[in-house]
Amino acid sequence: MAVPPTLDPVVGPRKTLTVARSAVDVSHLLGFLIVVAAGIVAGTVASSTASGIAVDVARVVARAPVGIVSLAAIVSQAAFLLVSIGAPIALIAARRFRALWVGGIAVTASVLLFALVASLVPVRLGVALAAEGLIPLPGALALPSVASIAAYTAGATVIGTELTRRWARALWTLLGFVALSQIVTASGTPLGVALAIGVGGSAGSLALLALGRRVEAVTPAQVATALWRAGVRVADVTRLADPAWPDWHLRVATDGGDVAVKTVGVLEQRSDTLYRKYRQIRLKDVGDDEPYASPRRAVAAEAMMTLMAARSGVRCPALRAVEPINAEEFVLAVDYVHGRRLDELDEDELTLDRLVDAWQQVDGLRRAGIAHRDLRLEQFLVDDEGRVWLRDFAFGEPAAATSSLEGDIAELLAGTYTRVGAEKAVAAATRVLEPEVLAGALARLVPAALTRPTRAAVRALPGRLAPLVEEVCQVTGVREPVFAQVERVRPRTLIVGATIAVAFYIMLPQLADLPSMLEAVRGADLIWIPAVVAASILTYVGAALGLAGGTPGRVPVWQAFMVAMSSSFVVLVAPGAIGQVGLNVRFLQKRGYSTSVSVSASAAKETAVFIVHLLLLLIFALWVGSADALKGEWEKLPAAGAVLAVLGAVLGVVGLVVASPAVRRRLRTTVRPAIKDALSAMAEVAASPGKMVMLFAGVALLPLGYATCLYFSVQALGGGASFPAVALVFLSVGALASAAPTPGGLGAVEAVLLAALTGVGIAPPEALAAVFLYRLATFWLPIVPGLVSFRWLTAREVI
């Protein structure tokens, strides 16, 4: 039945467009990045094989008649020109100006990024095979460059979002034909074409993620029509701005009361698919089944679980309708319950009876065999009469495994613990659940098994989950809890592994010449070794002076020195900057400084480190330039055009990232306040000339000590480079590599310093030995005294 005509003015137009970010673009980006990564690996690790494949393909195709090859070239040229010229004209005619400028940004970025990739991959990407005479392609029929395919792919990625499925398929089919023509006519290698498609698709996907894609949003009129077909008599439709219903879009007034409505379409379903796939890769035994095949199945499963939960006595909003809007969009309607979220209540409102009411709803789900799997406190509503409701089963699992049901219990235990403490949280649970059920859920009290908001709230508590685990053990009689291993792999482990693998690959050619390195070590000048060790110690003196100078009040320098020495041990379990800053904050807190003052003092020191580092970098760059210390090496650098292309690509990517509202919001809410706190702390220190001298002298000693240590290491192994050149190496690429997410920059520092020292004229064997000596003095040897200092300071509660 159609919606009555009188309803149209109420619900508004039947079509509206909006700009949104989509998980579809994330999945596309991941796919294109895999293509790029595979191409770079093939071009670097198997360069000869990649070139051989290109030649073999060309020789096979060379047997084809010249007429067929020429025809393919003509058709490909025509198709490319048609899209390159016709697409912008069509967008202008259709007044799709946004797609035009977003596509232009993507095309520009793709060309710059492809120039960067082409400079990194030592495989011929251009018209190389035709030049060998494998295929006699006439010059007049030469196809566009391989870089043009990158531009085409970037434009197609953006413009395809504005087209129907049929036209989008035609656009990508045409791309496939142009790419195949490149290979068939030997105008490009298979590897070059694959890299061009990967780079272009990545640029287009990044542009859509940063700036958003235009999507046709479901309108109130469409929702009203669907509800009317389902028998719901609609009187009015308004936007639902209730923070207690964040994932529900509309509030519909009906003759049977207000209804909350959400729509589930392809974009929502693909977002859910991407998230579930990520969890399947990272986690295990947490109930992550295969994603639903379509939005229809997703919304039907949620509706089914809502009915099952209500039948089991769970107080949840009653299901009112499930109805298709079109072939790809579906509407789910439930009774609207006015109330506040459980996490919004004050502590005195979180009474034991109210928590018990929440547990009764969860127990009802458990008896029905339903795992909610997203049981944050935000999912509980407290209505105007004080009753607790449970909503939103979008991530639920019917006929759930015991582990998933225990995960719900652990989630609510942890969530209530962050608000009312361990004793009250466990007391409420024991009013409803048997001790053996609670003991079974104990295994799931691990951070990785919790939702992100709960995990963040737990992390902010002293002791984190330890008090809750202790209370559950005491109540249930469990002596030694055994926690579930739910993580297959940690993201940081993947990053560390990838970093070490890349570093090993870079150093592998030098390690192959191990006898030459050993010969360089045997010829080392031992008189430089004490100087190397002294320069390493100087860095800890600088760190101590910087901390003492950047902190208001008196801080014993000798204690600050021991804290700095302890950081050489702490970096084994945390990236260098994070571990050192955390240790400094802990030290200042133990000395009676408030958390805000401790953090501000550490921020003041790090700000001074950054300022002095930039000044030293500028000074040594000018010094090296004026002394012509690297004159021969400057000439080996790429042409100015290539450098500008790389710089433009980097700036383009940075611009796209900064243009993202999420990044801008983080800059506004996190980075800007941190900078203000650091500057305010600097202002307090600036009132004392002695403090300022100590601060800046210390933070200057820190990089100069490392640079001097590296220089002495080079001299011990035979020299070959001046101090300004070595210092410039450390202050630029060496300091950047130390920020790698490995303990002490392990792997990244060695690889980058080796490449840089070789670049300034030091022979590879001597450079490798010098890097190892430098890392021995600055990373490996300080670990033992660092451990001793850490244990001494801990035993005396200095940290």
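Remark: G257 falls outside the filter, which requires a residue to be of a type outside the set (A, V, I, L, M, F, W, C), in contact (Cβ under 8 Å) with a residue 40 or more places away in the chain and over 18 Å from A318 (Cα atoms).
Yes/no matrix, rows are residues, columns are (1) within 28 Å of the chain's Cα centre (by Cα); (2) at pLDDT 75 or above:
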| position | (1), (2) |
| --- | --- |
| I578 | yes, no |
| Y593 | no, yes |
| S598 | no, yes |
| S602 | yes, yes |
| T607 | yes, yes |
| F610 | yes, yes |
| L615 | no, yes |
| L618 | no, yes |
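The single residue among R282, R340, R297, R354 that is touching a residue at least 24 places away in the same chain (Cβ under 8 Å) and open to solvent by 60 Å² or more (accessible area, probe 1.4 Å) turns out to be R340.
Can you pull out every residue in region 230-242 that is touching a strand residue (DSSP E or B) at 6+ places or on another chain (Cβ under 6 Å) and surrounded by fewer than 19 Cβ atoms within 10 Å (Cβ to Cβ)? Answer for region 230-242, where residues must be touching a strand residue (DSSP E or B) at 6+ places or on another chain (Cβ under 6 Å) and surrounded by fewer than 19 Cβ atoms within 10 Å (Cβ to Cβ): A230, R233, A235, D236, T238. Could you check, for region 582-589, whether at least one of its residues is crowded, with 18+ Cβ neighbours inside 10 Å, among the small types (G, A, S) and either at pLDDT below 75 or under 18 Å from F610 (Cα atoms) (or both)? Checked against the condition, which is being crowded, with 18+ Cβ neighbours inside 10 Å, among the small types (G, A, S) and either at pLDDT below 75 or under 18 Å from F610 (Cα atoms) (or both), region 582-589 yields no hits at all.
When A400, A410, A414 are checked against the criterion of being buried (at least 20 other Cβ atoms within 10 Å of the Cβ) and assigned to a loop (DSSP other than H, G, I, E, B), A400 stands alone in meeting it. For T44, are the conditions met, namely being at pLDDT below 75, open to solvent by 60 Å² or more (accessible area, probe 1.4 Å) and either touching a Lys or Arg at 6+ places or on another chain (Cβ under 9 Å) or assigned to a helix (DSSP H, G or I) (or both)? When the stated conditions are applied, T44 does not pass them. Scanning region 429-438 for residues that are part of a helix (DSSP H, G or I) and open to solvent by 20 Å² or more (accessible area, probe 1.4 Å) yields T430, P435, E436, V437.
Take L381 and decide whether it is surrounded by 21 or more Cβ atoms within 10 Å (Cβ to Cβ), assigned to a loop (DSSP other than H, G, I, E, B) and in contact with a strand residue (DSSP E or B) (Cβ under 9 Å, 6 or more places away or on another chain). The answer is no for L381.
Among the residues of region 471-489, those identified as assigned to a loop (DSSP other than H, G, I, E, B) and surrounded by fewer than 16 Cβ atoms within 10 Å (Cβ to Cβ) are G477, R479, E480, P481, V482, F483, Q485, R488, V489.
Residues in region 439-470 that are crowded, with 21+ Cβ neighbours inside 10 Å and farther than 18 Å from Q485 by Cα: T454, L468. The set of residues in region 367-378 that are under 37 Å from the mean Cα position of the chain (by Cα) and either at pLDDT below 90 or surrounded by fewer than 22 Cβ atoms within 10 Å (Cβ to Cβ) (or both) comprises G369, R373, D374, R376, E378. Please indicate, with yes or no, whether at least one residue in region 454-470 is modelled with pLDDT of 90 or more, of a type in the set (D, E) and closer than 23 Å to R354 by Cβ. Within region 454-470 (the criterion being modelled with pLDDT of 90 or more, of a type in the set (D, E) and closer than 23 Å to R354 by Cβ), the answer is no, since none of the residues qualifies.
Every residue, every condition in (1) touching a His at 6+ places or on another chain (Cβ under 8 Å); (2) open to solvent by 60 Å² or more (accessible area, probe 1.4 Å); (3) at pLDDT 70 or above, yes or no:
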{"residue": "I675", "(1), (2), (3)": "no, yes, no"}
{"residue": "M682", "(1), (2), (3)": "no, no, no"}
{"residue": "L704", "(1), (2), (3)": "no, no, yes"}
{"residue": "A707", "(1), (2), (3)": "no, no, yes"}
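The values are calculated or read from the model by the stated rules, or taken from the named source; none is laboratory data. Nothing here was measured: the structure is a model prediction, and the numbers come from that model. Neighbour counts are summed over all protein chains in view; Cβ atoms, including those assigned to glycine, are modelled from backbone coordinates with ideal geometry. Accessible surface areas use protein heavy atoms only, side chains included; no ligands, DNA or RNA. Shrake-Rupley method; radii C 1.70, N 1.55, O 1.52, S 1.80 Å.
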